[in-house]
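Q: Next up is a structure, given as structure tokens.
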Amino acid sequence: MSDTAATLAHQHQFDDAAQQYSASTLGMWIFLVTEVMFFGGLFTAYVAYRTLYPDTFGHASNYLDLRLGTINTAVLIASSLTMALAIHAAQVGKRTAMITLLLATILLGTTFLGIKAVEYAHKFEAGLVPGAGFTYAGPDAPQAQLFFSLYFGMTGLHAAHMIIGIGILAVLVAQGRRGRFGPEYYTPVELSGLYWHFVDIIWIFLFPLLYLIDRH
Amino acid sequence: MAGHIASTRSYYAIFATLLVLTALTVTVATFDLGRFNAVIALSIAMCKATLVALFFMHLRYSVRLTWLVVVAALLWLFLLIGLTMSDQLTRGWLSR
């Protein structure tokens with residue numbers, strides 16, 4: 001329990017635990033801003049090329065699996081719910097509930113990645129992966145290749161964030177089992193939650209841009 | 001601790017709303033509404049993102065400094081996309 005006692009005391013540069021908590025939260029939000037700019041570059045590239053080749057991008061987006069994309073959106077929203085509930089459990093001191101909810105979040109995140117892997121496998125089989133083996137039946141294959149490059153770049157970067165997120169949650173589970181978090185100190189759970197929800201927000205924009213527009 | 005404790009009921013309500021909005025945006029996408037398909041899909045996405053940020057990310061109960069960081073991020077993102085598109089969308093004007 002010395003671990004818990006050590007974390008309860010705030011570091012010497014802060015006035016109190018509350019100030020330390022606000023500083024940590026602010027730092028995490030600033031990190032998320034850099035992430036917004038990171039993904040923002042890709043979103044800008046997508047919007048710019050989509051404006052240049054609207055018909056080809058519209059045609060190419062119909063090759064994506066809307067059913068799996070919709071299921072994955074629901075899975076990710078559910079994982080955000082379990083994450084928010086895990087933080088709540090930490091806030092009110094329900095340690096077992098917190099660990100169960102974190103494990104549920106990990107499970108839902110892994111489900112998302114599994115479905116994504118199935119989608120990727122279909123694209124490989126259909127020859128829709130940019131490169132030498134790109135066999136696109138529709139018109140304007142080079143522009144369509146651009147669409148699929150952006151599709152793999154954006155969803156791939158998103159998936160990489162999910163994998164990192166699952167790793168962070170696994171560490172939280174291990175720390176939580178040792179009784180590190182409670183109503184007095186749950187900052188790492190809160191900050192990991194901010195990251196997880198941010199990754200959800202990225203998908204909330206990727207889904208309509210890649211799957212939905214020009215679906216009709 | 002400084003963090004605000006929201007009720008679990010509000011989290012379930014936000015979750016249900018997000019699912020309804022997802023069903024709505026998928027349904028709307030099956031109709032041909034011209035350029036409004038993109039407008040509606042992105043408007044719904046912004047609503048969903050706002051709900052996640054305000055409630056799941058506790059932005060609603062955050063201090064003003066956090067709000068400032070979020071507004072700055074949106075401003076810079078707007079500049080990035082806005083200035084790029086001001087170039088992209090007006091290039092054809094010269095050849096006319």
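Q: Jot down the radius of gyration and Dmax of the stretch B:1-62, Cα atoms only, both in angstrom.
A: Rg and Dmax of the stretch B:1-62, Cα atoms, are 14.6, 51 Å.
Q: When the Debye formula is applied to the Cα atoms of chain A, each taken as the same point scatterer, what base-10 log of I(q)/I(0) results at q = 0.09, 0.10 Å⁻¹?
A: The computed values of log10 I(q)/I(0) come out as -0.45, -0.53.
Q: Please sort through the DSSP H helices of chain A and keep those with an alpha-carbon extent of at least 20 Å along the long axis and a Kyte-Doolittle average not below -1.0.
A: A:17-52, A:66-91, A:95-125, A:141-177, A:187-207
Q: Okay, moving on. Please grab the % of Cα pairs in the stretch A:130-203 that end up more than 13 Å from each other.
A: 73 percent
Q: Per residue of A:197-207, count partner chain C-beta atoms within 10 Å of its C-beta, then hand back the mean as an integer.
A: Taking all residues of A:197-207 together, the mean is 5.
Q: Now for a different question. Please report how far the C-alpha centroid of the stretch B:17-58 lies from that of the stretch A:22-73, rounded to the nearest whole angstrom.
A: Result: 14 Å between the Cα centres.
Q: Based on the Cβ-Cβ distance from A:ALA97 to B:LEU68, what FRET efficiency comes out when R0 is 41 Å, to the nearest 0.05?
A: 0.75
Q: Related question: Would you mind getting me the FRET efficiency between A:ASP15 and A:THR110? Use the beta-carbon distance for r and R0 = 35 Å, nearest 0.05.
A: It comes to 0.30.
Q: Pairs of Cα atoms under 8 Å, at least six residues apart: use those to get the relative contact order of chain A, whole percent.
A: 35 percent
Q: Taking only Cα atoms, what is the 0 to 90° angle, nearest 10, from helix B:64-88's long axis to the longest principal axis of chain B?
A: Helix B:64-88 sits roughly 20 degrees off the main axis of chain B.
Q: Using a 10 angstrom cutoff on alpha carbons, build the Gaussian network for chain A and name the most mobile of A:ARG95, A:ARG67, A:ARG177.
A: Top of the fluctuation ranking is A:ARG67.
Q: Report the label-to-label distance for A:GLN175 and B:ILE5 in nanometres (one decimal), using points 7 Å from each Cα along the Cα→Cβ vector.
A: 2.1 nm
Q: Averaged over B:35-42, how many beta carbons belonging to a partner chain fall within 10 Å of each residue's beta carbon?
A: 4
Q: Can you figure out the FRET efficiency of A:SER24 with A:ALA45, using R₀ = 35 Å and their beta-carbon distance, to the nearest 0.05?
A: On the way: r = 33 Å, r/R0 = 0.94.
E between A:SER24 and A:ALA45, to the nearest 0.05, is 0.60.
Q: Here is a follow-up. Relative to the longest principal Cα axis of chain B, at what angle does helix B:8-29 sit, 0 to 90 degrees, rounded to 10?
A: With both axes taken from Cα atoms, the answer is about 20 degrees.
Every number here is computed from the coordinates shown, using simple stated rules; none is lab data. All values reported here derive from a predicted model rather than from experimental measurement. Neighbour counts are summed over all protein chains in view; Cβ atoms, including those assigned to glycine, are modelled from backbone coordinates with ideal geometry.
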